[in-house]
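Asker: I'd like to ask some things about the structure below.
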Amino acid sequence: MRRRPRWGRILRRLALGALVGLVAAAGLLLVVSGDARYVARAGLEEMRILLKRRSIAKLLVDPTTPAPLAQRLKLVLVARQFAADSLRLAAGETYTTYVNVGRDTLLLVLSASPRNKLRQFTWSFPIVGDVPYKGFFDARRAQSEAAELDREGYDVYLRPSGAFSTLGYFSDPLFSTAVDRDTMELVATVLHELAHNTLYLKSQTPFNESFASFVGYRGAERFFRSRGDTLDARRAAARWRDERTLDVFYAELARRLDSAYADTLSAVRLAHARETIFRWAGAQLAGGVGQGLETYDWRWLSRVPLNNAVVIAQRLYRMNLNLFDEIYVQSNADIAEAIRAIQIRVFTQPDQDPYRALYSRPGVPADE
């Protein structure tokens, strides 16, 4: 007589086979895909950082916590509470913990562009979609990939970053690299990152970063005014004016580059056109534009080497800022109402371009 099949054993073997298959597939993917290896390494590094998190509330009652650090941590908690209560940003558990990363740079961010056109080089990742930058916790890997892109004929730009956002998927900690900033910039950073938790559109990096810059500085101004700190409030307002000025400057620089690249130029003429335009830009930063800034050191700005990648990176955080400010004015200079108005316009317009939505009114198509 035929024995009855042992379904339990069969199911266990099938499950084991499936697990082995998944592990093998993942291993093969890591071998053949540089992007998969990058995501795996970045994920492991981020996990190591997240495992070092310490509760800010516990640090504040720990007598061994240095007084200057304790003051900054208190300010962060007050700022995130203000963000949640007054600005209605999605704070979640973000910035309720702290990590000392043990170095002065959290990660390096790489941007790139072809030398003969102002076009951002993009990387594609899960959740966030296509983005025009790539972050590295390992400086050597960052420099290696930058050098490889340079050999392939791209302009490259590596810059440090003291913070990053997981868009609310994890309780992002406050990093020691951000704590060292002055009080105004620290609060603006908190609000900037919480803005990403609140509104983030896949593959729309310039809009996402510009919106977060708007929330960061306009929100910081309101925060400090609510505390009677007129000095930091004025500094936040001045920084936002500088961002608006640099937005206009880099937009004009991009226009001049696009105009030059539209012509079919020999390598020699292309190099000459680039040199002429970047020399003009440097003179502007050392002259009227730079010296008219209230919070940036024009001497530092004028010394930064310029190329296509630098221009693209600078514009990511300050593109069409006037549109955000127009909604701010329409909202009676109430940053919380402006944030809500921007969300409504973006989510009620069928257009895929969020900037076009900013031209619209709720319920009215953008082209009317």
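The values are calculated or read from the model by the stated rules, or taken from the named source; none is laboratory data. Please read all numbers here as calculations on a predicted model, not as lab measurements. Every residue, glycine as well, gets a Cβ built from its backbone with ideal geometry; the counts of neighbours run over all protein chains shown.
Asker: Just to be sure before I move on: is SER144 over 18 Å from ALA90 (Cα atoms) and of a type outside the set (Lys, Arg) in the structure I sent?
Answerer: yes
Asker: Looking at segment 322-367, which of the residues that are among the acidic types (Asp, Glu) and assigned to a loop (DSSP other than H, G, I, E, B) is modelled with the lowest pLDDT?
Answerer: Filtering first and then ranking leaves ASP367.
Asker: Ok, one more. Do any residues in segment 313-340 that are more than 18 Å from PHE223 (Cβ to Cβ) have Cβ atoms under 7 Å from those of residues that are of a type in the set (Asp, Glu), where the two are at least six apart or on different chains, and which pairs are they?
Answerer: Listed pairs, sorted by first residue: LEU316/GLU209; TYR317/GLU209; ARG318/GLU243; ARG318/ASP247; MET319/ASP247; LEU321/GLU243; LEU321/ASP247.
Asker: Between a residue in segment 269-292 that is closer than 12 Å to ARG303 by Cα and of a type in the set (A, V, I, L, M, F, W, C) and any residue that is at pLDDT below 95 and assigned to a helix (DSSP H, G or I), which pairs come within a Cβ distance under 6 Å, given they are 6 or more apart or on different chains?
Answerer: Matching pairs, first to second residue: LEU285/LEU301; LEU285/SER302; ALA286/SER302.
Asker: If a residue has to be on the phi < 0 side of the Ramachandran plot and either not in a helix (DSSP H, G or I) or not hydrophobic (A, V, I, L, M, F, W, C) (or both) to count, how many in segment 188-217 make the cut?
Answerer: Final tally of qualifying residues: 19.
Asker: Pull up segment 238-278, narrow it to residues that are farther than 30 Å from PHE224 by Cβ and charged (D, E, K, R), then point me to the one that is surrounded by the most Cβ atoms within 10 Å (Cβ to Cβ).
Answerer: Ranking the candidates gives ARG274 first.
Asker: Assuming THR122 fulfils every condition listed in (1) modelled with pLDDT under 95; (2) in contact with a helix residue (DSSP H, G or I) (Cβ under 7 Å, 6 or more places away or on another chain) apart from one, which condition is it?
Answerer: (2)
Asker: Ok, one more. Restricting segment 115-148 to residues that are part of a helix (DSSP H, G or I) and of a type in the set (Lys, Arg), which is surrounded by the fewest Cβ atoms within 10 Å (Cβ to Cβ)?
Answerer: Per the criteria, the residue is ARG140.
Asker: If you don't mind, another one. Mind listing whichever residues of segment 37-76 are surrounded by 12 or more Cβ atoms within 10 Å (Cβ to Cβ), at pLDDT below 95, of a type outside the set (Gly, Ala, Ser) and part of a helix (DSSP H, G or I)?
Answerer: Listed by number, the residues that qualify are ARG37, TYR38, VAL39, ARG41, GLU45, GLU46, ILE49, LEU50.
Asker: Output the residue which, of all residues in segment 222-235 that are free of Cβ contacts under 8 Å to residues at least 60 places away in the same chain, charged (D, E, K, R) and not in a loop (DSSP other than H, G, I, E, B), is farthest from VAL289 (Cα to Cα).
Answerer: That would be ARG225.
Asker: Examine segment 355-368 for a residue that is buried (at least 18 other Cβ atoms within 10 Å of the Cβ) and in contact (Cβ under 8 Å) with a residue 40 or more places away in the chain, and state whether such a residue exists.
Answerer: No, segment 355-368 contains no residue that is buried (at least 18 other Cβ atoms within 10 Å of the Cβ) and in contact (Cβ under 8 Å) with a residue 40 or more places away in the chain.
Asker: Okay, next question. Quick one: which of ALA91, ALA84, ALA79 is at pLDDT 95 or above and buried (at least 19 other Cβ atoms within 10 Å of the Cβ)?
Answerer: ALA79
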